[in-house]
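Structure first, commentary second.
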């Protein structure tokens, strides 16, 4: 029998159809290669865009302890925490520009994308356009339009996707789902969500550019990506970019996809019908609030409304607060009990006519689900973590789905494929649209500046439009630098 040489495309097709292809082997592969042997054709070729910080654990977990092959790492600065990924995968080729990487290495099957928020959309689209499966850190995108584009593109390109809200794979979520599905709470009408974020500088003036402070090995132009060019600005990379709209998505983008995920998933929510907000003011001078619309506020309060769904027979009001502002302690929860997670720093309350579900942030923290009923009965889930594999196998399950193929049972079992993560991300980013609109102002007939957009914004989710304030629609998308468009 002549041995057939696999091209990059045929190798990927072989992986997707491994169940059929395996029938051609007469001798078991473990006999040919020894115990635990994995044929090279059965491994995915993985690459990482963003190899430091969260990207380090994303690509490590996706490699499944070396079961898969990591062929390339892309990062704008390998002198930072990305150096750990280089040590972990010494055979991987190194790149600064993901576009060059994908043009040069044609047989990459799947990528983890763990960059600052503003690069998620451009990087994912570039990869998906080339037929690559993608795992994208939360929030899935920087703006609402990007989320819609990627959701539709995943279907068109038939690629397997997963957003990095790893708590969605936490099996303890089934407790919360069961309490909701059983009808124990009765009619559910309100959800309250809160966080102690931001835990980084936010609400002040943007740092001044200073090119002399740029790390020697950092490619600043590539870090800026789709954002308008400006000289190197310190105190943004590697983490504090979160508080600036050009690059980050604030407290909502940081943990909204973990917290909002819980009610969005268990109540079967879809696009909100409206949004309104208020934000904290900072006064450096008497009577004149500081005005820094380029950055996120120190804290905010946002209200979203949703129509009835199959799981939620009545409309739902969702209230979000950040900056350490949390809701009042419900009467039916004992005063000495935390609400949400330990210390009540982050949490979700799902409020029904018969009781309340209290639960923690759904990232890698203990979920601590608790059910309090009006009649005094309670039901508590585990208070700690019991993981059999890193992050409940969130990355590994995506890798297995990539091998099984688009629309496979493994793909359909993913908890945050873009079919789900897209609408959920749009809901998270709807809060940011409200915040940015809240800061809009223009000169009135008396020559004074008025904040003219501080109103409830009515949202047409299907068409991605605010229907009662045209100026707010500028925040549905963004302006892109040439070469970084979505």
**OP:** Output the residues belonging to region 211-245 that are closer than 27 Å to residue 284 by Cβ and either assigned to a helix (DSSP H, G or I) or without any contact (Cβ under 8 Å) to a residue 12 or more places away in the chain (or both).
**Re:** 213, 240, 241, 242, 243
Original post:
So which of 64, 76 ends up being in contact (Cβ under 8 Å) with a residue 60 or more places away in the chain, touching a helix residue (DSSP H, G or I) at 6+ places or on another chain (Cβ under 7 Å) and farther than 29 Å from residue 482 by Cβ?
Top reply: 64
Original post:
What are the residues in region 464-486 that are under 17 Å from residue 428 (Cα atoms) and in a loop (DSSP other than H, G, I, E, B), if any?
Top reply: 464, 477, 478
Original post:
Quick check: is even one residue across region 441-450 crowded, with 19+ Cβ neighbours inside 10 Å and either in contact (Cβ under 8 Å) with a residue 24 or more places away in the chain or closer than 19 Å to residue 276 by Cα (or both)?
Top reply: no
Original post:
Residues of region 185-210 being farther than 30 Å from residue 245 by Cβ and in a loop (DSSP other than H, G, I, E, B), which ones?
Top reply: 185, 186, 187
Original post:
What single numbered condition from (1) within 30 Å of residue 132 (Cβ to Cβ); (2) buried (at least 21 other Cβ atoms within 10 Å of the Cβ); (3) touching a helix residue (DSSP H, G or I) at 6+ places or on another chain (Cβ under 7 Å) fails to hold for residue 371?
Top reply: (1)
**OP:** Check region 88-98 and report whether any residue there is assigned by TED's automatic domain parsing to the domain that holds residue 68, in contact with a helix residue (DSSP H, G or I) (Cβ under 6 Å, 6 or more places away or on another chain) and within 30 Å of residue 426 (Cβ to Cβ).
**Re:** yes
Original post:
Of the residues 392, 362, which single one is buried (at least 21 other Cβ atoms within 10 Å of the Cβ), part of a loop (DSSP other than H, G, I, E, B) and in contact with a helix residue (DSSP H, G or I) (Cβ under 7 Å, 6 or more places away or on another chain)?
Top reply: 362
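Every residue, every condition in (1) over 21 Å from residue 247 (Cα atoms); (2) touching a strand residue (DSSP E or B) at 6+ places or on another chain (Cβ under 9 Å), yes or no:
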{"residue": "422", "(1), (2)": "no, yes"}
{"residue": "452", "(1), (2)": "yes, yes"}
{"residue": "456", "(1), (2)": "yes, yes"}
{"residue": "464", "(1), (2)": "yes, no"}
{"residue": "478", "(1), (2)": "no, no"}
{"residue": "484", "(1), (2)": "no, no"}
**OP:** Look through 339, 302 and report the one residue that is touching a strand residue (DSSP E or B) at 6+ places or on another chain (Cβ under 9 Å), surrounded by 16 or more Cβ atoms within 10 Å (Cβ to Cβ), free of Cβ contacts under 8 Å to residues at least 24 places away in the same chain and on the phi < 0 side of the Ramachandran plot.
**Re:** 339
Original post:
Within region 464-482, restricting attention to residues that are touching a residue at least 12 places away in the same chain (Cβ under 8 Å) and under 26 Å from residue 129 (Cα atoms), which residue is surrounded by the most Cβ atoms within 10 Å (Cβ to Cβ)?
Top reply: 475
Original post:
What about residue 210, is it crowded, with 16+ Cβ neighbours inside 10 Å, at pLDDT 95 or above, over 19 Å from residue 122 (Cβ atoms) and in the same structural domain as residue 345 (by TED's automatic domain parsing)?
Top reply: no
**OP:** Hey, can you tell me all the residues within region 83-95 that are farther than 19 Å from residue 134 by Cβ, touching a strand residue (DSSP E or B) at 6+ places or on another chain (Cβ under 7 Å) and not in a strand (DSSP E or B)?
**Re:** 86
**OP:** Give, as residue ranges, the strands (runs of 3 or more DSSP E) completely inside region 273-352 that count at least 3 residues that are farther than 23 Å from residue 202 by Cβ.
**Re:** 347-352
Subject >> Candidates 293, 238, 231, filtered to the one that is exposed (fewer than 14 other Cβ atoms within 10 Å of the Cβ) and farther than 30 Å from residue 327 by Cβ >> reply: 231
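The values are calculated or read from the model by the stated rules, or taken from the named source; none is laboratory data. All figures in this text were calculated on a predicted structure; none of them were measured in a lab. Note: ideal-geometry Cβ built from the backbone for every residue, glycine included; neighbour counts use all protein chains shown.
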